[in-house]
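The values are calculated or read from the model by the stated rules, or taken from the named source; none is laboratory data. Here the structure is a predicted model, which is why all the values come from computation and not from measurement. Heads up, the Cβs are rebuilt from the backbone with ideal geometry, glycines too, and the neighbour counts pull from every protein chain shown.
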Amino acid sequence: METEWDWLGPPLDVRPLFPVERGALVELLSGLDSADWSRGTGCPGWSVRDVAAHVLHDQIRRLSAGRDGHPGGVFGTGETVAEFVNRTNEEFVRTARQFSPRLVAGLLADLGAQLDDFWAVRDLSAPAGTGVSWAVPEGRSPAWLDIAREYTEFWVHQQQIRDAVGRPGAAEPALLRPVLDTFLRALPLTLRHAPAAAGAVVRVGVPGPAGGRWTAVRGPRRWALAESGAPAAAEVEIEADCLWRLATRGITPDEARGRTTARGDMALVAAVLEIVSIVR
């Protein structure tokens, strides 16, 4: 049966992965010393402690608003979504600097398990309570994408902490591939202004065990993620580590360009490398 979100590609269920990803994070945090908690991260102005607190904030917001129906923060006059998110994130992080590392790790484990229970009963095909603006600009998105977006949020912040303390991990294919798959759901929106005739095909390939191949096809109304046997107008091959950092703006499109292999229409290639899979 067709749905209004078919153009986003097949639904993705990441719910079984949350306990695994969170277990790796809590184990990591539990092994850090005070110097590690104070190290700077790829999030400007935020330490390891701050990034961990930000993940905790995400859990609290999701449970308060989604499960309990409690109204959240109030938008300031003229405040955009990105400005509101950035402000409220910063406010919580500043408050959480009073929390001990042990308390933060314990709360992440406890509230994360409550969030698992909440999401376990969600209808993945139903509309989400919140939008995923970097993939569906109209503000209405399916629950499966909203939940997958949250998984990528947790996973990326864990990687930022690992980068800061020099302890790689949690990047095995079972955990990483859904991150790449979710981020590439932004491809149709990313290509929306790229000049291309109906039927044009763009392929993005990610080598390695966590990778795969994603195809976007230009339809009469919009680009869509769909299978196609037609020759590609543009092909981009990008390493997994490069892709997730690009999509979260840990690196710029110019930096990514030097780490990719591309063929075909360079205007379409350039458009692909503008992909953003976070609220900015």
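Assorted remarks:
- Elements of type strands (runs of 3 or more DSSP E) in segment 205-280, at least 2 residues being among the small types (Gly, Ala, Ser): 212-218, 260-264
- Of everything in segment 213-235 that is within 19 Å of residue 263 (Cβ to Cβ) and of a type in the set (A, V, I, L, M), the residue that is surrounded by the fewest Cβ atoms within 10 Å (Cβ to Cβ) is 230.
- Per-region count, segment 242-280, residues within 16 Å of the chain's Cα centre (by Cα) and touching a residue at least 40 places away in the same chain (Cβ under 8 Å): 12
- Enumeration of residues in segment 2-56 that are within 16 Å of residue 155 (Cα to Cα) and among the acidic types (Asp, Glu): 13, 21, 27, 50
- Here the helices (runs of 4 or more DSSP H) wholly within segment 1-111 that include at least 1 residues being exposed (fewer than 15 other Cβ atoms within 10 Å of the Cβ) and free of Cβ contacts under 8 Å to residues at least 24 places away in the same chain are 18-30, 34-37, 81-96.
- Failed condition for residue 277, given (1) in contact with a strand residue (DSSP E or B) (Cβ under 9 Å, 6 or more places away or on another chain); (2) of a type in the set (S, T, N, Q); (3) crowded, with 17+ Cβ neighbours inside 10 Å: (1)
- Among (1) at pLDDT 95 or above; (2) touching a Gly at 6+ places or on another chain (Cβ under 9 Å); (3) among the polar types (S, T, N, Q) - the single one residue 260 does not satisfy: (2)
- Any hit, segment 223-241, residues being among the aromatic types (Phe, Trp, Tyr) and within 25 Å of residue 159 (Cβ to Cβ): no
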